[in-house]
Amino acid sequence: PPPPPPPSPYNILLVMKGIGYSSSCASPFATWIEGTDPCSWSGITCNSSSSSSSANDNNSSNNNNYATGADSVIAIDLSNRCLTGTLPATTMSFFTFLQALDLHGNQLSGSLPAAFSTLTALTLLDLGSNAFSGSLP
């Protein structure tokens, strides 16, 4: 059988939802609900021409649209969300159109995934006030 298709950016965003956060804060991912349009999630900005039309329709054909819409995620702003732990190693390489990534003001640590080097459209990167180690890939 052929290999499975690569995960969609929509599914990768759901993986990012697994990043830890301080119990003293509200969930930074409260609006990240599976089956809804990721372009409507807090901290996610999409190219407006690619967002799916209905964030509340949960039928499977629209879930495919969500995956397409997530292909045009252009900004992720998870700044000051009490995030803890490390970034998932493979998540960033799927966001080929990502222009801005703001993770400042959290408690993230560890080295940055090598996949950061694939973010060729990135024009804003703010990782300040975290505990990352190592160099930028």
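All of the numbers you see were taken from the coordinates with simple rules; none came from a lab. Just so it is clear, the model here is predicted, and its values are computed rather than measured. Methodologically, a virtual Cβ is constructed for each residue, glycine included, from the backbone with ideal geometry; neighbour enumeration extends over all protein chains shown.
Segment ASN80..ALA121, full-extension length gain: 12.4 nm, with 0.36 nm per residue of separation and the alpha-carbon distance subtracted.
Measuring r between the beta carbons of SER48 and SER24 and using R0 = 25 Å, the FRET efficiency lands at 0.10.
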